[in-house]
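Okay, structure first, notes after.
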Amino acid sequence: MPQRRCGMLWSEKMAKNKNYPLYEVAPFTDFKDMLRQASEEAGDSIAVRYYRDYASKDVRDVTYNEFRRETEELGTGLASLGITDSHVAMVSENSYQWILTYLTVLNSEGVYVPIDKELPFPEIMNILAHSDSKVVFFSKHYEQNFRDNAASLPWIKYFIGIDLAPEDADERFVSMSALMAKGAELLDSGDRSYLDLQPKDDELKMLVYTSGTTGTSKGVMLSLHNLVSSVYYGLQISTVYTTCLSVLPYHHTYEAVCGLLVSLHHHSTICVNDSLRHVAENLKFFRPDYIMLVPLFVENLYKKIQNTLESTGKAKLVNRMIGVSNNLRKVGVDMRKKFFKPLHDVFGGRLIKIVCGGAPIRPELAGFFDAIGINLINGYGITECSPLVSANRDYYNNYRSVGVHLPCVEVKIDEPNENGEGEILVKGDIVMMGYYKKPDVTAEVLSEDGWFRTGDYGRLNDEGQLFITGRKKNLIVLKNGKNVYPEEIEEYLGNIPYVEEVVVYAVKNESGEETALCAEIYPNEELLSGKTQEERHAVIKTAVEELNKTLPPYKKILKIKLRSTEFEKTTSKKIRRMGLGDSEAQPESSDSGKTKAE
């Protein structure tokens, strides 16, 4: 794989590299083939690093040879129980055992069902029923719930504890370690019941239950072909490097595919982050050169850096150094690693690239990270597209776009308006098979000729780069007929230092008509520490009024509501919008300016 080059400002990189070739990626037929290639080409390299004990920093390094062998042990153990083509669920925190089970099932004739570990247990039971799962792997945190409810889950043949001691097992509750030991014995005696299984390219391989910001969850059916295509073509657009810190929840397709499977095919080392509380420490301990994040993580990193620079009086110095560095880069001299070494040390000192997905990022964030020598690459995906649709290229990175689409898909804008904006439609190898047991819902979003309606609005430029405008379901249509994408206004408000989180929604009159915009804001507690609620409101109101001067009348924020708590979020750290803005009467609201929406 080509290595990262430096020395050009992003606008120059755009001009010089927009037509540079796709990366060369080794083709593979399925994930058995992928692990075979990894074992043959990088067998002694480390596939996964994880803490056996965090407190003592006892880390186990699993080579590619060992990882492949352990999938075969677990798979053979499952086959001995008659589990070869069943739906197999997993409820667990991020762990090595999660990754091991994932690849084991992908390489069987079964279906993997990752379940959100933060769901209420009754909802976990509902998914187990709806998904037709016959086996569920679980971590210790869920053991008592499963034991208490085992009688209510008669369709589950085996509950497999990933850290269950063999002596605590019984007929239905199985120890994963004991199962693997049994599989190892069978393998050594010549058993090929798992090794000879042949996953089929066009059949269901992973069943992912979405947990969107609005609405109810649906089971997204992804085939083996979908997953292989996402890995193979995704790596052609945007490469990875030697070591990643794996942070995001594994049940999300973004991390499960773009993080885990992509890293394994690239023969990289996956370092398992054991807890979100330990991210900062683990960055320094594992020293990754790439990491997958969602915008909220990046926003928090950026704000913490800026707050630290302000509190230590170094903000002006860093800004001057950025100016000097940018001038040097124009003549081919790149001093960013040296100039901004203290900032690089925060990330372990080796970080090259942050891949950001899940929502658009503010351009100034990408500009700042680029200025200090870290490439922030934004992409666009959706679970129903396995999940990757587009990504910026490493040397053709337009901060305002989500990049170019994968070579295996077509993207078009449906019924574009005068600005070229409309609903994004996707067709190709990554598009899902449909929603499990929901043909009517599938037909609403997936046409007979294969076009998937994403529910996102966007536009394409002449270079084929995709720009996301907002979610179709979030679109505000004001009484005067003007369309407002709240995400656009939220991006502007996010530039105000006093704003930590924000959601924009419509103020409605008694007839239910959307008449103006309200910004519900969770303030930056650090910057506003010691101020009363009235003082906080006054500071933020003044900043919003300054922003309003730059906006057309119909996009102005006319009401502000301050929150005392963070917004409720999904496990992918997206704000849940459902239920916000249902009533106009807000005890902490006030008018912001006198301009009416026109």
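At-a-glance table
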{"item": "Matching residues, the stretch 410-428, being over 23 Å from R400 (Cα atoms) and crowded, with 20+ Cβ neighbours inside 10 Å", "result": "G428"}
{"item": "Residue in the stretch 309-325 that is polar (S, T, N, Q), surrounded by 17 or more Cβ atoms within 10 Å (Cβ to Cβ) and under 22 Å from V59 (Cα atoms) present", "result": "no"}
{"item": "Residue in the stretch 232-247 that is surrounded by fewer than 23 Cβ atoms within 10 Å (Cβ to Cβ), polar (S, T, N, Q) and assigned to a helix (DSSP H, G or I) present", "result": "yes"}
{"item": "Listing of helices (runs of 4 or more DSSP H) fully contained in the stretch 96-159 that carry 2 or more residues being hydrophobic (A, V, I, L, M, F, W, C)", "result": "96-106, 121-130"}
{"item": "Members of the stretch 55-69 found to be surrounded by fewer than 20 Cβ atoms within 10 Å (Cβ to Cβ) and assigned to a helix (DSSP H, G or I), listed by number", "result": "N65, E66, R69"}
{"item": "Any hit, the stretch 432-440, residues being hydrophobic (A, V, I, L, M, F, W, C) and buried (at least 18 other Cβ atoms within 10 Å of the Cβ)", "result": "yes"}
{"item": "Evaluation of V220 against (1) touching an Asp or Glu at 6+ places or on another chain (Cβ under 6 Å); (2) outside any strand (DSSP E or B); (3) surrounded by 23 or more Cβ atoms within 10 Å (Cβ to Cβ) (one fails), failing number", "result": "(2)"}
{"item": "Some residue of the stretch 254-275 being outside the structural domain of E40 (by TED's automatic domain parsing), charged (D, E, K, R) and touching a residue at least 60 places away in the same chain (Cβ under 8 Å)", "result": "yes"}
{"item": "Enumeration of residues in the stretch 257-282 that are outside any strand (DSSP E or B) and in contact with a helix residue (DSSP H, G or I) (Cβ under 7 Å, 6 or more places away or on another chain)", "result": "V257, C258, L260, L261, V262, L264, H265, H266, H267, N273"}
{"item": "Residues satisfying the stated conditions in the stretch 489-531, i.e. among the small types (G, A, S), farther than 20 Å from K574 by Cα and touching a residue at least 12 places away in the same chain (Cβ under 8 Å)", "result": "A516"}
{"item": "Hits in the stretch 485-512 (condition: assigned to a strand (DSSP E or B), touching a helix residue (DSSP H, G or I) at 6+ places or on another chain (Cβ under 6 Å) and within 30 Å of C385 (Cβ to Cβ))", "result": "V502, V504"}
{"item": "Flag if V208 is touching a strand residue (DSSP E or B) at 6+ places or on another chain (Cβ under 7 Å), assigned to a strand (DSSP E or B), modelled with pLDDT of 95 or more and in the same structural domain as E93 (by TED's automatic domain parsing)", "result": "no"}
{"item": "Residue match in the stretch 323-336 (condition: without any contact (Cβ under 8 Å) to a residue 24 or more places away in the chain and among the β-branched types (V, I, T))", "result": "yes"}
{"item": "So S193, is it touching a strand residue (DSSP E or B) at 6+ places or on another chain (Cβ under 6 Å) and part of a loop (DSSP other than H, G, I, E, B)", "result": "no"}
{"item": "In the stretch 505-557, residue surrounded by the most Cβ atoms within 10 Å (Cβ to Cβ) [restricted to those that are touching a strand residue (DSSP E or B) at 6+ places or on another chain (Cβ under 7 Å) and of a type in the set (G, A, S)]", "result": "A519"}
{"item": "Wholly enclosed helices (runs of 4 or more DSSP H) of the stretch 306-383 bearing at least 2 residues out of contact with any Ser or Thr (no Cβ under 8 Å at 6 or more places or on another chain) and of a type in the set (V, I, T)", "result": "315-330"}
{"item": "Pairs with Cβ under 7 Å, 6+ apart, first in the stretch 143-159 and surrounded by 13 or more Cβ atoms within 10 Å (Cβ to Cβ), second of a type in the set (F, W, Y) and part of a helix (DSSP H, G or I)", "result": "N145/F121; F159/F146"}
{"item": "Qualifying residue in the stretch 160-168 (condition: surrounded by 15 or more Cβ atoms within 10 Å (Cβ to Cβ), out of contact with any helix residue (DSSP H, G or I) (no Cβ under 8 Å at 6 or more places or on another chain) and within 30 Å of M433 (Cα to Cα))", "result": "no"}
{"item": "Residues of the stretch 415-437 classified as modelled with pLDDT under 95 and farther than 16 Å from Y485 by Cα, total", "result": "1"}
{"item": "Residue within the stretch 386-400 that is under 23 Å from I575 (Cβ atoms), under 18 Å from the mean Cα position of the chain (by Cα) and assigned to a helix (DSSP H, G or I) present", "result": "no"}
{"item": "Residues satisfying the stated conditions in the stretch 521-535, i.e. outside any loop (DSSP other than H, G, I, E, B) and in contact with a Phe, Trp or Tyr (Cβ under 7 Å, 6 or more places away or on another chain)", "result": "Y522, P523"}
{"item": "Qualifying position, being within 25 Å of H278 (Cβ to Cβ), in contact (Cβ under 8 Å) with a residue 60 or more places away in the chain and either part of a helix (DSSP H, G or I) or within 25 Å of the chain's Cα centre (by Cα) (or both), among Y23, Y50", "result": "Y50"}
{"item": "Selection status of V174, within 11 Å of A89 (Cα to Cα), touching a strand residue (DSSP E or B) at 6+ places or on another chain (Cβ under 6 Å) and buried (at least 20 other Cβ atoms within 10 Å of the Cβ)", "result": "no"}
{"item": "Failed condition for T63, given (1) in contact with a Gly (Cβ under 9 Å, 6 or more places away or on another chain); (2) under 20 Å from L100 (Cβ atoms); (3) modelled with pLDDT under 95; (4) not aliphatic (A, V, I, L, M)", "result": "(3)"}
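Yes/no matrix, rows are residues, columns are (1) over 30 Å from the mean Cα position of the chain (by Cα); (2) modelled with pLDDT under 90; (3) under 17 Å from V503 (Cβ atoms):
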position: R536; (1), (2), (3): yes, no, no
position: T542; (1), (2), (3): yes, no, no
position: L558; (1), (2), (3): yes, no, yes
position: T565; (1), (2), (3): no, no, yes
position: E568; (1), (2), (3): no, yes, yes
position: K573; (1), (2), (3): no, yes, yes
position: S583; (1), (2), (3): yes, yes, yes
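The values are calculated or read from the model by the stated rules, or taken from the named source; none is laboratory data. Predicted, not measured: the structure shown is a model, and the values here were computed from it. Neighbour counts run over all protein chains shown; Cβ positions are idealised from the backbone, glycine included.
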